[in-house]
1. Scan (1) closer than 26 Å to T59 by Cα; (2) touching a His at 6+ places or on another chain (Cβ under 9 Å) for the single condition E195 breaks and write down its number.
2. Within region 42-59, is there a residue that is closer than 30 Å to R221 by Cα, aliphatic (A, V, I, L, M) and either at pLDDT below 95 or surrounded by 16 or more Cβ atoms within 10 Å (Cβ to Cβ) (or both)?
3. Can you say whether N134 is touching a helix residue (DSSP H, G or I) at 6+ places or on another chain (Cβ under 9 Å) and modelled with pLDDT under 95, as far as the supplied structure shows?
4. Among A90, A84, A110, A75, which is the only one that is surrounded by fewer than 15 Cβ atoms within 10 Å (Cβ to Cβ) and of a type outside the set (K, R)?
5. Would you check which residues across region 55-90 are in a strand (DSSP E or B) and farther than 20 Å from T107 by Cα and list them?
6. Could you please tell me which pairs satisfy a Cβ distance under 8 Å, a separation of 6+ or placement on different chains, a first residue in region 66-78 that is of a type in the set (A, V, I, L, M), and a second residue that is surrounded by 21 or more Cβ atoms within 10 Å (Cβ to Cβ) and part of a helix (DSSP H, G or I)?
7. Identify the residue in region 140-160 that is under 21 Å from the mean Cα position of the chain (by Cα) and touching a residue at least 12 places away in the same chain (Cβ under 8 Å) and, among all such residues, is surrounded by the fewest Cβ atoms within 10 Å (Cβ to Cβ).
8. For residues that are within 23 Å of the chain's Cα centre (by Cα) and assigned to a loop (DSSP other than H, G, I, E, B), tally how many sit in region 99-139.
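The values are calculated or read from the model by the stated rules, or taken from the named source; none is laboratory data. Predicted model only: the values in this text are computed from it and were never measured. Please note: Cβ atoms are built from the backbone with ideal geometry, for glycine as well, and neighbour counts cover all protein chains shown.
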Amino acid sequence: MNRHVPFAFRPLALALLILATGCTSADSGTSATPPKPAKPAGAAAASAKNPSTPPTVVTASTVFAGGCFWCMETAYEGKPGVLAVVSGFAGGAKENPTYHEVSAGGTGHAEVVQVTYDPSKITYAQLLDIFWHNIDPTQANGQFCDRGSQYRSTIFYGSAEERKLAEASKVQVANTLHKAVVTEIVPASPFYPAEEYHQDFWKKDPDRYYSYRAGCGRDARLK
């Protein structure tokens with residue numbers, strides 16, 4: 001058999017050879033990698049909305065005194081926008097006082113709660129509203145059954161704007177009750193956390209907490 005391809009058929013044979021070679025290369029994976037399909041527009045938008053670094057949450061904190069700090073904790077915990085509530089002491093001269101020192105009445109501190117919150121979800125004015133609805137603003141030198149300056153009601157403001165809002169709310173409460181409001185409004189002072197066993201006491205010893213609260217007449221007076 002003649003192994004030479006006639007001249008007239010060489011172009012056709014060459015074309016067939018190129019076609020066959022191209023198919024073989026593609027099948028064996030040696031040809032150029034085809035471009036990847038573009039991401040759908042929705043996927044690109046989802047990536048833009050979910051960056052790898054979460055946005056920073058701006059927080060603020062403020063301090064309130066309303067008698068027993070166990071009860072003031074539960075007034076704020078669980079409210080939308082409230083991030084943390086810590087029982088402690090403020091308004092006195094001694095550094096790092098203990099609960100027994102404060103409860104004895106010799107340090108000048110009041111039992112307080114420090115409320116850390118997200119201002120985009122709850123405002124300072126709303127925190128003030130919660131405060132007024134959980135104290136007796138007409139009672140001086142104590143709250144409910146607890147007597148002494150360590151149980152006084154106080155708003156510790158941290159800025160001129162907070163002071164303005166606190167004083168305006170105090171006037172409004174006095175007008176609503178038609179009574180003198182004795183709650184103090186004073187500049188913020190160092191806050192000292194109370195001992196760990198006081199934090200979230202209502203969860204740690206609910207029987208004691210609720211029996212104290214009822215026995216002190218707190219809820220009856222608030223109603």
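1. (2)
2. No; the residues of region 42-59 include none that is closer than 30 Å to R221 by Cα, aliphatic (A, V, I, L, M) and either at pLDDT below 95 or surrounded by 16 or more Cβ atoms within 10 Å (Cβ to Cβ) (or both).
3. Here the answer is no, as N134 does not meet what is asked.
4. Criteria check complete, one pass: A84.
5. Result: A60, S61, T62, V82, L83, A84, V85.
6. From residues that are of a type in the set (A, V, I, L, M), the pairs are A75/F131.
7. It comes out as G158.
8. Qualifying residue count, region 99-139: 8.
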